[in-house]
Amino acid sequence: MGNFCGRCGSLLRWDFSSGDRRRKCPRCGPVDSEGKNIDNPRDNVGERSSGRSPGNMNAISGSGITYKVRKGVSPRSSPYASRSIYRSNTTTIKGPELRSMNEWASQKEDPSSMNKDWSRAGKMFPFERIRPGQEEFLIDVRETVDRGGFLLANVPTGIGKTAASLSPTIEHAIENGMMVFFMTSKQSQHPIVIDTIRNLSKRSGKRIKTVDIVSKQSMCPREISRLPHTTFSFLCKQQSKDGSCPLYKQPPASLIREVLEDINDVDRIGELSISRNICPHRTALEAAKETDVLICDFNYLFSDLKDTILSGLGQELSDSILIVDEAHNLPDRIRGHQSKELPLRVLEEAKERAFGGKHIKHHLSRIIEMVLNIARKELGDEGEIELDKRLFVSDIRAVFQEGSIGGSLDMEMFIEMLEDISKKRRSPEEEDPLMMVADFLDGLLSLKRSHILYLKIPDGKGIDSLKIAFRNLDPGEISGPTFKGCHSAILMSGTLSPPSMFGDILGMSKERRIEREYPSPFPRKNRLVLIEDKITTAYKRRGAEMYRSTGERIVSLAGRVPGNVAVFFPSYSILHDVKEYLWGCPKHLIVEERSMSRTEKERVITDLKRIKQSGGALMLAVMGGSLSEGVDYKDNLLSGVIIVGLPFAPPSLEVQALRSYFRTKFGYTLGEEYSYIYPAMNKILQAAGRSIRSESDRAVVVLMEERLKQPRYLKFLPDDLRPVKVEGMTLEQATSTFF
Ligand code: SF4
């Protein structure tokens, strides 16, 4: 029997409810991989799924839920066929069913559902048990590396994606002389990768040569590593070249064997290196030439560093398997690296610091004058204006050609001169303005078609806060060639939804990619997702009346939830407007402030733990902030999450430019979804995902926004956030009944 439902293409799950072990589709119920009903072998799929919806979509129905499946595409007709499934509606359940959900919640999962199918999991899988969904993901990873393709996987929390992605890829890499790049956006993701590889090695009895590496500055044990980044980079480069770094005198060759003997994390590589007076980063890079797995940052292969890194390692991209963890962060990370800004203040400081260099001062004065002239003419005291890239760069070049003082020079020479002066006169305690100007001008020289260049004066701040900035709109320009050249790539995240969108944005060829969404392994009955459709943050409907209703609904619903409730708003401004109407709230109020430090945010978590037992707190925070994305609310710290509104990005030149660029590139509808709707929906997914962090957590999620009933938004919600409508009950009654 195959792993996928022959009717809707979903992954089949093991089902034990009838006493036997058998496959069941989470959407269509007991059907097999050929689409036949398991309870009734004579079932004819064609007759059962005869409903048709307009256009090129077929409607099929199972378990009372209606889905639309792309017409004419057999889910398994091609290994690279997309299997996107769009929900067209919310599910309706009856009140008594909700009561049953409550009873089921106290039952334990059947432990035999965790039994491992050893033949499929492979030789290296490190655990005795395989989790629901994990096996399917692992099989997809294996198929992907075997075929040399790409897997875009929306893998919910709890599936165990690290082990399932690493075991088949490492097996393939060792057998075929390849290297696995396990790439993350944060160093905090590295320890779990190291632990998993240790387990894989123990389990298989195979030596897996692994190197864990982070940035030079983080690994450097010298005092200069405390300096600002550009200063550190500059000094490190200079001192390693001229021999004045005491740790760069000795090559790390003698250490490499020792580093690769065990699976060492970055701290241990540091300890070993420092004990021999060797630069830790150099040791790690040298060891990486012989490694099977390199755990590193996205930047290694998704920035301008790629060619330098690969040639330094002596590694061909075509022999590299990439695993991109938390891959939903990749587009923004690439964009961030390709973007820069230069405040007018820095230009002026650079002019002041360029003492002695009269022509440098003169040229910097001319650039300042030119920028101020445009700003005064076009902006006044606030606002943004897009600049023509070619014209602006040629105007700047013209400044250097003037030759009134010190003779004419070109832009490249000017940049070198700034760097030279900076080298001689920089103050080590701070970012050097001369270097910042050089860096920005250098960036201007490599602007691509997908960059926008603009001047900006933030609202109410006046011309002194003027900035010149450029921003990349198309991460695919950097990631596309990397994916094209690699052997295969696994992109995984709990919020890679819809996966096809990430494939498009990152420039991954449709022919080589498969897109998968796996069901959450946590019991569905542990979460109740509701929609409050009388509330909206739509701009035209904002006002005291709407804020009052929102406040009343929050108080009324939160009162039915035992424990803590988090309410996430689209902005601080709406948060404060609604806060005025939280009259009679039975819970202790905790409010996130824009200026909160990291320590203060940690204190919020401590407070939630303390207050949880005594009636609970009502925490007000914003979507996109660290309380809605970075925090793991362990041990059922949140029993309720209320999402208020749709957090669309406020209008800005950059947002408009991105929308227009994507509409041109992907067509109007997809362009709007990718540039405008998805970023807002992702913030909702992140915030809602704070509620259920483990198998035993239980929570209610209320989506307070009428627009979320529309299919164009609803389709971005994965299965585990599928809202239900409880017949014959108010939201308050449903919430009370659930608990
Ligand atoms: S070469 Fe290594 S030890 Fe020396 S400054 Fe650079 S990172 Fe630090």
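Nothing in this text is a laboratory measurement; each read-out follows from the coordinates by a stated rule. On a predicted model such as this, the values are computed, not experimentally measured, just so you know. When we count neighbours, we look across all protein chains shown, and the Cβ atoms used for this are built from the backbone with ideal geometry, even at glycine.
A few remarks follow.
- Taking amide H positions as modeled 1.01 Å from N, with prolines and chain starts lacking one, the residues under 5 Å from residue 180 and 5 or more places away or on another chain are 293, 294, 321.
- Packing-based ranking, highest mean first, of 493-499, 231-237 given that Cβ atoms within 10 Å are counted: 493-499, 231-237
- Computed about the Cα centre, the dipole magnitude for the range 340-472 is approximately 240 debye when only Lys and Arg (+1) and Asp and Glu (-1) carry charge, each at its Cβ.
- Test item: Cα-centred dipole of the range 214-290, Lys/Arg +1 and Asp/Glu -1 on Cβ, debye: 400 debye
- Alpha-carbon centroid distance for the pair the range 334-390 / the range 611-668, whole angstrom: 34 Å
- Hydrodynamic estimate: the Kirkwood radius of the range 171-287 over Cα pairs, inserted into Stokes-Einstein at 4 °C and 1.567 mPa s, corresponds to D of 84 µm²/s.
- Whole-Hz ³J(HN,Hα) from phi, Karplus 6.51 cos²θ - 1.76 cosθ + 1.60, for the range 395-402, glycine and proline x: 5, 5, 4, 4, 4, 6, 7, 4
- Computed lengthening from residue 600 to residue 727, 0.36 nm per intervening residue step minus Cα-Cα distance: 41.5 nm
- The range 267-417 - percent relative contact order, Cα under 8 Å, separation 6 or more: 12 percent
- Cβ-based charge dipole, the range 233-364, positive-most Cα from 310, 363, 279: 363
- Distance between the modelled labels on residue 556 and residue 339, one decimal in nanometres: 4.0 nm (7 Å Cα→Cβ projection).
- Size of charge dipole - the range 150-213 - debye, nearest 20, with Cβ of Lys, Arg +1 and Asp, Glu -1, no other charges: 180 debye
- For the range 214-290: relative contact order, % (alpha-carbon pairs under 8 angstrom, 6 or more apart): 35 percent
- Candidate lysines - alpha carbon under 19 Å from residue 340, same-chain residues fewer than 8 apart omitted: 389, 448, 456, 467
- Karplus-derived HN-Hα couplings along the range 689-700 (A = 6.51, B = -1.76, C = 1.60, θ = phi - 60°), whole Hz, x at Gly and Pro: x, 5, 6, 10, 10, 8, 4, 9, 5, 10, 7, 9
- Pairwise centroid distance, computed over Cα atoms, of the range 677-707 with the range 461-506, Å: 24 Å
- Extension gain, residue 225 to residue 510, is 98.3 nm, computed as 0.36 nm per intervening residue step minus the present C-alpha separation.
- Positive-pole candidate from 571, 681, 669, dipole of the range 524-738, charges at beta carbon: 669
- For the residue pairs 306/461; 306/634; 216/609; 186/634, the alpha carbons lie more than 31 Å apart in 306/461; 306/634; 216/609.
- Most tightly packed first, judged by the mean number of other beta-carbon atoms within 10 Å of their residues, the peptides 413-420, 207-214 read 207-214, 413-420.
- Neighbourhood net charge (13 Å Cβ-Cβ; Lys/Arg +1, Asp/Glu -1) for residue 609: 0
- 3J(HN,Hα) along the range 229-239: 4, 5, 5, 4, 4, 5, 5, 4, 4, 5, 6 Hz, from the Karplus curve 6.51 cos²θ - 1.76 cosθ + 1.60 with θ = phi - 60°, whole Hz, x for Gly and Pro.
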